[in-house]
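To start, the structure itself, in C-alpha cells.
The values are calculated or read from the model by the stated rules, or taken from the named source; none is laboratory data. All values derive from a computational prediction rather than experimental measurement. FYI the Cβ positions are ideal-geometry reconstructions off the backbone, even for glycines, and counts take in every protein chain you see.
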Amino acid sequence: MENKKEMSFLKQAAVQSLAGGGAGFIEVCIMHPMDIVKTRFQLQVKTTINNPLYYNGIRDCMIKIYKNEGFGAFWKGILPPILAETPKRAVKFFTFEQYKKIFLFGSSTPTPLTYSLAGLCAGITEGILVNPFEVVKVRLQSNREKMKNTPSTFSVTKEIINKHGIGLNGLNKGLSTTIIRNGIFNCFYFGFYHSVKGFIPVNSDPLLEFLTKVGLGFIAGTTASCLNIPFDVAKSRIQGPQNDVKYSGTIQTMIIVYKREGPMALYKGLLPKILRLGPGGAIMLVVYDYTYGYLSKKFNE
C-alpha cells in the first residue's frame, strides 16, 4: 500500500537515520570477531613467522586469541565501533539518500551512475567521521594481552591525544586512507545493490524477496571488500603500532608492503574481511530496507 502522503524532509531524515543506525549497530555486534581477526592478519609481517603467536589461518588465529587472551578478546576494540557505528551508519544512509538527489542530473529516475556516485560521496563523508574511532579501534585490536590487562577505550584515546593530538599524527592518523577505503567500498556497495535490485521484480513471496535482498547484499559486500582491501591493509599499518618501519602515506605504505612482503601482502585479511563484510553487508542493507519501510509507514499513519 502506498504512503498516504510524502514525508517531510525532517521525517525522512529521522527515518533514514534510525534505520541506518539500527542496521549498523546490529551488524557490528554480530560481525566484530571477524574484524579483529582481519586486523591481526593485516598487522603481522613475515619477520614474525617464527613467533609462536604467528597466525597461520583464521582457525589458528581464533584458537590462539581464545587461548592467550580469553573469549572476550574477540570483542576487543568494539566500543569505538559501537559508539561510532550508530551515528556512522545513520550518516552513511542519510547522506546516500541526499547525494542520490544531487546525482539524478535532472532525471526523475536514478541510474547505476547515480547510485555509485552517491555511494562514493557517502563513503567519503563516513570516512571523515569514523576515522578517529578507527585509530582507537586498531590500537586496541593490536594489543595481544589478556582482557584484564588490556587498556580501556578511554585510556587509549587519552594517550593518543596527549602524545599526538587530534590531527593527522593523532586521532586522525590515516585519514586519507580511510576516506579512499570507504569511498571505494560504498561506491560499489550501493551502486551494485540498488542497480541490480531495481532490475529484479519484487517477489510476492516475502521469504523469496528477503533471500533475494540477502543475496544481493552479500555479493555487494563481498565484491566491495575485494576491491578496497589494499587500502584497508594500508590503513591498518598506518594506524597500528609503528615498529622498524614507519608507515605514513597511503601509496608509500602500499609500496613498502609490496616491496618487503610481496603483492599478496596487500590482500592480507581478505578472507576474514569477506566473512565479516559479506554477511555483514547483507545484514546492514536488509535491516535498513525493512526498518526503513516499517518506520516510513509508522511516520505516515
Residue selected from the range 56-77 under the condition over 13 Å from P272 (Cβ atoms) and not in a helix (DSSP H, G or I), by the criterion modelled with the highest pLDDT: G70
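From the set of residues in the range 214-248 that are among the hydroxyl-bearing types (S, T, Y) and touching a Ser or Thr at 6+ places or on another chain (Cβ under 6 Å), which is surrounded by the fewest Cβ atoms within 10 Å (Cβ to Cβ)?
Of the range 214-248, the ones among the hydroxyl-bearing types (S, T, Y) are 222-223, 225, 236, 247-248.
If we keep only those that are touching a Ser or Thr at 6+ places or on another chain (Cβ under 6 Å) as well, we get 236, 247.
Working: S236: 26, Y247: 22.
Checked the range 214-248; the qualifying residue surrounded by the fewest Cβ atoms within 10 Å (Cβ to Cβ) is Y247.
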Restricting to the range 140-184, what's the tally of residues that are touching a Leu at 6+ places or on another chain (Cβ under 7 Å), without any contact (Cβ under 8 Å) to a residue 24 or more places away in the chain and either under 20 Å from E85 (Cβ atoms) or not in a helix (DSSP H, G or I) (or both)? 2
Residue that is modelled with the lowest pLDDT, among those in the range 86-128 that are part of a helix (DSSP H, G or I), of a type in the set (V, I, T) and over 21 Å from G24 (Cβ atoms): I102
Residue check: is R181 modelled with pLDDT of 90 or more, closer than 27 Å to G123 by Cβ and touching an Asp or Glu at 6+ places or on another chain (Cβ under 6 Å)? yes
Out of (1) aliphatic (A, V, I, L, M); (2) over 19 Å from T153 (Cβ atoms); (3) touching an Asp or Glu at 6+ places or on another chain (Cβ under 9 Å), what's the single condition that is false for I78? (2)
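Taking the range 22-55 on its own, how many of its residues are over 24 Å from the mean Cα position of the chain (by Cα) and either modelled with pLDDT of 85 or more or aromatic (F, W, Y) (or both)?
So in the range 22-55, the residues over 24 Å from the mean Cα position of the chain (by Cα) come out as 46-54.
Of the ones still in play, those that are also either modelled with pLDDT of 85 or more or aromatic (F, W, Y) (or both) are 54.
Adding up the residues that qualify gives 1.
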